[in-house]
Amino acid sequence: MAILEVKNIEKHFGSTKVLKDVSFSLDEGNTLAIIGSSGSGKTTLLRCLNFLETPNHGSISVRDTVLFDAEHPEREQEKDLRKKRLRFGMVFQSFNLFPQYTALQNVTLAEQLLAKERKDFKQNKKKIFAEIDEHGKALLAQMGLSERMHHYPHQLSGGQQQRVAIARALALSPDILCFDEPTSALDPELTGEVLKVIRSLADNKTTMIIVTHEMAFARDVADQIIFMDGGVVVEQGTAKQLIDNPQEERTKKFLARYTQG
Amino acid sequence: MFWTVTQALLSGLATTFQIFILTLLFSLPLGLVIALASMSKFKPLRYLMQTIVWIVRGTPLMLQLIIIFYGPGLWFDNNIWSGGTAGRITATVVAFTINYACYFSVIFRGGIEGVPVGQREAGEVLGMTKSQIFFQITLLQMVKRVVPPMSNEIITLVKDTSLARIISAYELTFTGYSFVKAAGITWPLFYTGVFYLIFVGILTLLFNYIERRLDYFR
């Protein structure tokens, strides 16, 4: 059953149409990779899902609940918008860790702030914070970063920082975890450790959308691939089918550039 | 004589310190307000602020001080500043506050704009509120960025207080110079310099401490 349903998304920046009629759906526990050259609209699509951009047309539904519908714009309370945002997690290309917090604090900050809204917060403050701390430590352990949890971001390598960012995005248990070119800002020798973590998340049936330029990785890990060009979905299909046997001319051309290189 | 000079300079220092502290107290928050207004999405407000900052930064502080102190009496026949020391100090603080708030606003704006957009976005996707993002994420990064340029401005402020002598406020430099005129002795001028050096020295230590405290992140 589809956990995410994206219908007819359009996004304009001024007179430039960055996304044109983009539709797709994603099943629970599946991984979707979005490929395409720079400027094809992949990143904008992810930003629309995370409410960092507001689409001009179309709708986004998660678990059959409409989160966004451009035809029925409601004036949203900040509180409601925040709730919707939590359906999605986001890992940025440039990590965007908070520099003044340790790895562990980066992971636990949002959960702590959210806990303050709980009714039983005042009575159980200590217990709640201890639980959040345990949760954060477990997530960092899962990322292989137990040794590094009290380090500040600038004391970590790029690969370690991105793994902290993944733990931070997982902390609020989003339905769908999004990655915006998670390894593009990394030195080649550091991409492996991040891809390994993402692969293990896929093995654990985490629902994910990954914008990436790593074709071999996409073919290997993703269940489903979308190829975008000029703001439209040119082709979508299962990973192996799309990469090994592309149907559209534009897809073939794009992939050729990668396999030759 | 030494004791007389010391006592006089200490009382001058009291005025200098008063101008310094009050100016800082008012111009810091005002500077933040002007910074936010000059980044406003509402264009007329933004242009208005930019114009004010241009005028205030583009004219001498001494001229501003003269206009603010003598202006009301000259043009409206209504000297709103009482003629005594208190009135002169108040006028000085008003002129200095406006002037320094404009300089601070530019520094603050740089500090706010210097925090990468990605920081705010990371907070947003984690479901934080606007105020949580400002207080938990942006603020400290901004403070870290503005400390070095602010320390420069604040040290300049210490010495700018000497401009108050133009409207006959008995601050430190005025007092030191008065001995040259009245008694024909010049060494109090150097002694006055020592007062400023100690004042600025203490501030420098304070700023170094703050910078060190914020050194744990980048």
When A:H12, A:H72 are ranked with the fewest other C-beta atoms within 10 Å first, the list becomes A:H72, A:H12
Here the convex hull volume per residue of the range B:15-168, taken over Cα atoms and given in Å³, is 126
Rg/Rh over Cα atoms for the range B:73-141, Kirkwood Rh, comes to 1.34
Dimensionless Rg/Rh of the range A:21-103, both radii on Cα and Rh by Kirkwood, sits at 0.98
Looks like the range B:56-101, by Cα gyration tensor root eigenvalues a ≥ b ≥ c and the a/c under 1.5 rounded cutoff (else prolate when a/b is bigger than b/c, oblate otherwise), is oblate
Rounded to one decimal in Å, the inverse mean reciprocal Cα-Cα distance for the range A:134-261, i.e. its Kirkwood radius, is 16.0
Among A:V234, A:Q247, A:F179, the residue whose Cα sits farthest towards the positive end of the charge dipole of the protein assembly as shown (+1 at Cβ of Lys and Arg, -1 at Cβ of Asp and Glu, taken about the Cα centre) is A:F179
Calculated from DSSP helices alone, with each H run of at least 4 adding -39500 (n - 2.57) and the total divided by the residues of chain A, [θ]222 nm to the nearest 500 comes to -12500 deg cm²/dmol
Rounded to whole angstrom, the alpha-carbon centroid of the range A:191-261 lies from that of the range B:44-70 at a distance of 58
Over 28 Å (Cα to Cα) among A:K11/A:K137; B:K43/B:K130; A:K122/B:K130; A:K83/A:K119; A:K127/A:K205; A:K42/A:K196 -> A:K11/A:K137; A:K127/A:K205
By the mean-Cβ-within-10 Å protection proxy, highest first, A:144-154, B:44-54 rank as A:144-154, B:44-54
Per the C-alpha gyration tensor (a ≥ b ≥ c, the square roots of its eigenvalues), the range B:1-72 is rounded if a/c is under 1.5, else prolate if a/b beats b/c, else oblate; here it's prolate
Across 10 Å bins beginning at 0, the whole-percent shares of Cα-Cα pair distances in chain A come to 7, 29, 34, 22, 7, 1, 0
Kirkwood-based Rg/Rh on the Cα set of the protein assembly as shown evaluates to 1.13
Subtracting the Cα-Cα distance of A:D175 and A:D120 from 0.36 nm times their residue separation yields 17.3 nm
For the range A:9-114 the trypsin sites (Lys or Arg not before Pro) that pass both the DSSP coil test and the at-most-14 other-Cβ-within-10 Å test are A:R63, A:R75
Taking a straight Cα-to-Cα line shorter than 17 Å from A:K17, and setting aside same-chain aspartates and glutamates fewer than 8 residues away, one finds A:E53, A:D229
With x for Gly and Pro, the residue-by-residue ³J(HN,Hα) of the range B:165-172, computed from phi through the Karplus equation 6.51 cos²θ - 1.76 cosθ + 1.60 at θ = phi - 60° and given in whole Hz, is 5, 5, 10, 6, 8, 7, 8, 4
In whole angstrom, the spacing between the Cα centers of the range A:79-145 and the range B:103-138 equals 19
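No lab work stands behind these numbers, since they all come straight from the coordinates. The structure displayed is predicted, hence computed values, not measured ones. Reconstructed Cβ throughout: ideal geometry from the backbone, glycine too, with neighbour counts over all protein chains shown.
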